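Here is the structure we will look at.
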Ligand SMILES: *Cc1c(COP(=O)(O)O)cnc(C)c1O
């Protein structure tokens, strides 16, 4: 008899986006003329930069001629892309990362979801609360947690991110093995500074733990003294892996390209305490289960690093950051405590009330869709996340409407 993976039964159905969609649909049905503005989901709205489109077209044409046709590529990605990534995202910022430590993939969601399978099931995971739900759910699926009780899975070490710690996770008071950090954070928009990262890197080194650092929003960082990569921190290469994505920075959410940095110095340990290269494990995993990202997509991603590409990407992120500023200022003006929105496209707002009630009020009275914070973890109760991913016009209109009803 084929038996199902019993750990899937522990998963809490993600009612969040389903529930939001239900409420939005009901509202639209009852108010057919209402012009709904969606500042809820974390998907970009601006098209790909023109340089990426040009490179994409050109690479598609190469596939039409026998001389330039390419079949299976290396599963860790083409050298042309790994080289520009290492040079521009790391070496130019003082992080000593080699091209062969870069693994190109079709998304950071899969990479952060898949990476945990390299480690023993009895590893203890530390996961921020609130945070992007992928980290928690993939550990549940892998059987790394107990059952769900009162908003918590047994066996997970939750790292509360609250106004008291300015939404930056504090060190746990027990040892852990696998540490998830997300900076700039989804959903709180907070960014870890050098001191925060130093503390986590030292902690991981002392306990021979591994940090999985999700920097999907690194290109939204504008303050120069903030690190964009954990590898700008000394000693991180032995204890950290970093996830980056073209999705939010260059509009690749539907085109799909990302990369993961796994330094050669990064180690896990066997039952005798002997070191094993995490990079070798990931290489083995990827060559077995993954066949690489399509050639035209990798050419489009490469183009984002050209001089024109970097200007255009900067233009895109600037555009969303200006939206974020408009949201942040408008909500602050209305007297709400806000976090994020400076080096991040997300603004995290303390509503001072039940987050679903507040969500409903914004929907009913202003026709604006946001995301209730409780969907990201227990510490999100009472907060909403507003996303800057929309047109300038819609963001301004949404804030005018909210100002009129608040
Ligand atoms: C959007 C997002 C990702 C990446 O998404 P992909 O499109 O799969 O590359 C990763 N982490 C966080 C926190 C995100 O919000």
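The values are calculated or read from the model by the stated rules, or taken from the named source; none is laboratory data. All of these numbers come straight from a predicted model, not from anything done at the bench. Note that each Cβ is placed from the backbone with ideal geometry, even for glycine, and that neighbours are counted across all protein chains shown.
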What is the residue count in the stretch 89-111 for residues that are more than 20 Å from the chain's Cα centre (by Cα) and surrounded by fewer than 19 Cβ atoms within 10 Å (Cβ to Cβ)? 8
Conditions first: (1) more than 16 Å from the ligand (Cβ to nearest atom); (2) part of a helix (DSSP H, G or I). Residue 35 passes all but one, so which condition is the exception? (2)
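Given the criteria under 20 Å from the mean Cα position of the chain (by Cα), surrounded by fewer than 24 Cβ atoms within 10 Å (Cβ to Cβ) and within 13 Å of the ligand (Cβ to nearest atom), does residue 193 qualify? Walk me through it before giving the result.
Values: under 20 Å from the mean Cα position of the chain (by Cα): yes; surrounded by fewer than 24 Cβ atoms within 10 Å (Cβ to Cβ): yes; within 13 Å of the ligand (Cβ to nearest atom): no.
Judged against the criteria, residue 193 is not a match.
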Given (1) away from the ligand (no atom under 16 Å from the Cβ); (2) on the phi > 0 side of the Ramachandran plot; (3) buried (at least 24 other Cβ atoms within 10 Å of the Cβ), index of the condition residue 166 fails: (3)
Over the stretch 279-306, the set of residues part of a helix (DSSP H, G or I), under 21 Å from the mean Cα position of the chain (by Cα) and within 15 Å of residue 254 (Cα to Cα) is 297, 298, 300, 301
Which ranges mark the strands (runs of 3 or more DSSP E) fully within the stretch 129-237 that have 2 or more residues being in the same structural domain as residue 281 (by TED's automatic domain parsing), modelled with pLDDT of 95 or more and under 26 Å from residue 258 (Cα atoms)? 178-182, 210-214
Just checking, does the stretch 253-271 include any residue being within 15 Å of the ligand (Cβ to nearest atom) and either more than 19 Å from residue 78 (Cβ to Cβ) or not assigned by TED's automatic domain parsing to the domain that holds residue 62 (or both)? yes
Picking from 240, 275, which residue would you name as being more than 13 Å from the ligand (Cβ to nearest atom) and touching a helix residue (DSSP H, G or I) at 6+ places or on another chain (Cβ under 6 Å)? 240
Does the stretch 108-121 include one or more residues that are within 15 Å of the ligand (Cβ to nearest atom), out of contact with any helix residue (DSSP H, G or I) (no Cβ under 8 Å at 6 or more places or on another chain) and modelled with pLDDT of 95 or more? yes
